[in-house]
1. What Kirkwood Rh does region 530-600 have if only Cα atoms enter the pairwise 1/r average? Answer in Å.
2. Quick one: what does P(r) look like for region 209-340 with 10 Å bins over all Cα pairs, in whole %?
3. What number, in percent, do you get for the relative contact order of region 429-734 if the mean sequence gap of Cα pairs under 8 Å and at least 6 apart is divided by its residue count?
4. Given contacts defined as C-alpha pairs under 8 Å and at least six residues apart, what's the relative contact order of region 362-521, whole-number percent?
5. Calculate the spin-label point distance for residue 346 paired with residue 124, positioning each point 7 Å from the Cα along the beta-carbon direction, and give it in nanometres.
6. Sticking with the crude label model, points 7 Å out along Cα→Cβ, report the distance from residue 488 to residue 84 in nm, one decimal please.
7. Want the number for residue 338 to residue 406: 0.36 nm per residue separation, take away the alpha-carbon distance, what's left?
8. Quick one: length gained pulling residue 753 to residue 137 fully straight, 0.36 nm per residue minus the C-alpha distance?
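What follows draws every value from the coordinates through simple rules; no lab data is involved. No experiment lies behind these values; they were computed from the predicted model shown. Note: ideal-geometry Cβ built from the backbone for every residue, glycine included; neighbour counts use all protein chains shown.
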């Protein structure tokens, strides 16, 4: 046993064959290696061919000078250099934007890491960096030499990860990272990855050679044609190499899935089957809470206040989210059943959410849990805090928290209590646990065409007291959770269909089944059908809730019904306007991305962008008019801190877009749209908060049989404001047009077409060189 007091004990009786490469891994490794070998041989043969043509040409020139021979020799030499330089490129790992620590500074941490590396048979980390994110990763420099000699590994330890894990779970996560380098068979994946980086450098990097060719293309026409020819051949070379290497990548993805499973089993061998699964479960909440903490700290910084311990803020965010959703399991260590039931126990459902951000490209959580428990290894999980591995954890927390703002002024800001800053963010009445998360990041009013529909939908009972009884039932939380899960499933499948997300191992797995890409639309349709059923139940609840409180307002009198209706209309208006602005901004950005995808903007692409901008401008002018027609009640004006909304609200004020100014108009429009959307978000939050508070007061009067004073003077929202119902958003272009797909090899047909054209150009170049020389 190891003598380090902080190092969690490892399980006993672990099967020796647990971490050995399985037959499926060996098979995928063989495919990947075969594909890589064939590719590298073709690449080198192509490079040598150009080198040989150049050599033969210069050899012939030593006897008889010929202008055509000289030209072919020079061009061939440049193409050989073009291919050779990528082989010897070194990809620097870059700056992880963290604090590097040494063994002298953090002896306990390094002893922990070195002990773990020795136990799993992995190389010790060369350098260690502490970053603020919820992450742990190994990174290193890459070059051709690393195909034979492994590079030194550097480790990133994300303190947002340390903050949510205990020592046992922390050990499991790091063991997974080290597990990728623990066995000799894992070098196959490294070889493929290194080759991928080399080819990526060739395809994507533009350096001195490209600049030289570009310069030649811009001079006198009698010489410029040489540059045009070289540009065409270099494009063809890049296209051939890129397309052929995609075949290697397909094999590598299948291998990658096996490598992840193997790395998980390495973690299981030293921490048991439950520690890694527990970490996966916690990281879902840790991601959300970390982003929440950053947002809160950013807002505090805008007021000159410093949250000097973001990790306290992250932990408090988890606590508050747990409270708001009335879910005690959120971000908590899963409870284990009796020992005899643990091998079959599962934390994740078969159709559970995608992996957390740090493992977004890994297999699904349920697949990883099944793999980790395929041979169940029992072990006690060390519940001590992972912060114990640092000599002065508090000093590290403070330094990283301050450094994240990347400004000297941060040290001059007034310090604010992290817990209080988070609690203030979650102190809204709408975040009370009794609402079960109904108003947490949810635009409920957008499901209704008008504010009037909200009150005409659903039903009410004989009295307000009956209608308000158990208005937020336990089943509501289940529906909200189902809606979130279905949304994640649908967005994941949509990303897989568009190619934005690559499936682990190249195989699409959904609800325990393997899907072909052509099956995705049917799967999305099935999920959308399920989602609509849940949405209809939630819509009915929202309407019944509003209607019950309106019934109470009418029973109480004093014009509370008018005031309540005005607040609902204001929430409805601001939600729709905000959604409209977001949709128009997304449409404009999407159009820009599509027309600039190939790095060039042609005549028809400019015309398309101009048409999109004209549409955006028309909508935003309507939004601006509707904004100015809003009348706010006194309480909301006071909360915002203004006297007249119509005079002080943000407006969309730009000259008409045209073919001359659209390049400058787009960023200016985006800035104004973001400002308007921010104002709408603030107004919506305050209006919703006022609505929920008012409803709670009315309910209390009904329950206690008391009478309220006269209602405040109501505000007003325009009835005919722009609306955006769910599903009516712009259909954003996920696929490029035919020419861009050909250029970028998106899709099977464009890829094959580009391959044939580029191979014809490359083959013709080699043939011409051989024939002339």
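1. Its Kirkwood hydrodynamic radius stands at 15.6 Å.
2. Whole-percent P(r) values from 0 Å outward: 10, 18, 16, 16, 17, 15, 7, 1, 0.
3. Computed over region 429-734, the figure is 29 percent.
4. Details: 42 pairs, mean separation 26.9, N = 160.
Rounded, it is 17 percent for region 362-521.
5. 4.2
6. The two pseudo-label positions are separated by 5.2 nm.
7. 19.6 nm
8. Net length gain for the segment: 217.9 nm.
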